1. Is it true that Ile65 is among the hydrophobic types (A, V, I, L, M, F, W, C), touching a Phe, Trp or Tyr at 6+ places or on another chain (Cβ under 9 Å) and in a loop (DSSP other than H, G, I, E, B)?
2. Would you call Ile46 within 11 Å of the chain's Cα centre (by Cα) and either charged (D, E, K, R) or surrounded by 12 or more Cβ atoms within 10 Å (Cβ to Cβ) (or both)?
3. Checking the structure you have, find out if any residue of the stretch 1-9 is in contact with a helix residue (DSSP H, G or I) (Cβ under 7 Å, 6 or more places away or on another chain), in contact (Cβ under 8 Å) with a residue 40 or more places away in the chain and exposed (fewer than 15 other Cβ atoms within 10 Å of the Cβ).
4. Taking Asp56, is it assigned to a helix (DSSP H, G or I) and acidic (Asp, Glu)?
5. Does the stretch 63-81 include one or more residues that are surrounded by 12 or more Cβ atoms within 10 Å (Cβ to Cβ) and at pLDDT 85 or above?
6. For the stretch 82-102, which residues satisfy the criterion of being part of a helix (DSSP H, G or I), surrounded by fewer than 12 Cβ atoms within 10 Å (Cβ to Cβ) and at pLDDT below 80?
7. Might you let me know whether the stretch 54-62 holds any residue that is free of Cβ contacts under 8 Å to residues at least 24 places away in the same chain, under 13 Å from Gly8 (Cβ atoms) and not basic (Lys, Arg)?
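The values are calculated or read from the model by the stated rules, or taken from the named source; none is laboratory data. The structure presented is a predicted model; accordingly, all values stated were derived computationally and were not measured. Here the Cβ positions follow ideal geometry from the backbone for every residue, glycine too, while neighbour counts run over all protein chains shown.
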Amino acid sequence: MYIRNFIGYITDFTCETTDAGRFLLQYLLNKLKSKKLAYLNYFGNIENPLLNRVFDIFREYRAYISDSDQYFVLRNISYPDEKLLFDIKNWYLNALWSEGYI
């Protein structure tokens, strides 16, 4: 996570259980209490079913979920199952893909 211009950016957030995710998010929010943040930004692939838990936890904390204008470009060089490869639900994307810059 990093902070720039009163905006906090969570570059990656994953958890195996809802309780663990709540604990992690609460810990992070407690650490940020002393910062003067306008808002906290998280970038994740909402199409990936593995991240449903993460987005549900953020919604519990009244997060606003919005679309991003970023695009993922993929060129298949040698993978035989293009249908699987080109299905965005099979990709785990976060802000680290963009080196943390949104």
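1. For Ile65, the condition - among the hydrophobic types (A, V, I, L, M, F, W, C), touching a Phe, Trp or Tyr at 6+ places or on another chain (Cβ under 9 Å) and in a loop (DSSP other than H, G, I, E, B) - is met.
2. Considered against the rule, which asks whether it is within 11 Å of the chain's Cα centre (by Cα) and either charged (D, E, K, R) or surrounded by 12 or more Cβ atoms within 10 Å (Cβ to Cβ) (or both), Ile46 comes out as yes.
3. No - not one qualifying residue is present in the stretch 1-9.
4. Against the criterion (assigned to a helix (DSSP H, G or I) and acidic (Asp, Glu)), Asp56 qualifies.
5. Yes, the stretch 63-81 contains a residue that is surrounded by 12 or more Cβ atoms within 10 Å (Cβ to Cβ) and at pLDDT 85 or above.
6. Of everything in the stretch 82-102, just one residue is part of a helix (DSSP H, G or I), surrounded by fewer than 12 Cβ atoms within 10 Å (Cβ to Cβ) and at pLDDT below 80, namely Leu96.
7. Taking the stretch 54-62 and keeping what is free of Cβ contacts under 8 Å to residues at least 24 places away in the same chain, we get 55, 59, 62.
Restricting the remaining residues to those that are under 13 Å from Gly8 (Cβ atoms) gives none.
Among the residues of the stretch 54-62, not one is free of Cβ contacts under 8 Å to residues at least 24 places away in the same chain, under 13 Å from Gly8 (Cβ atoms) and not basic (Lys, Arg), which makes the answer no.
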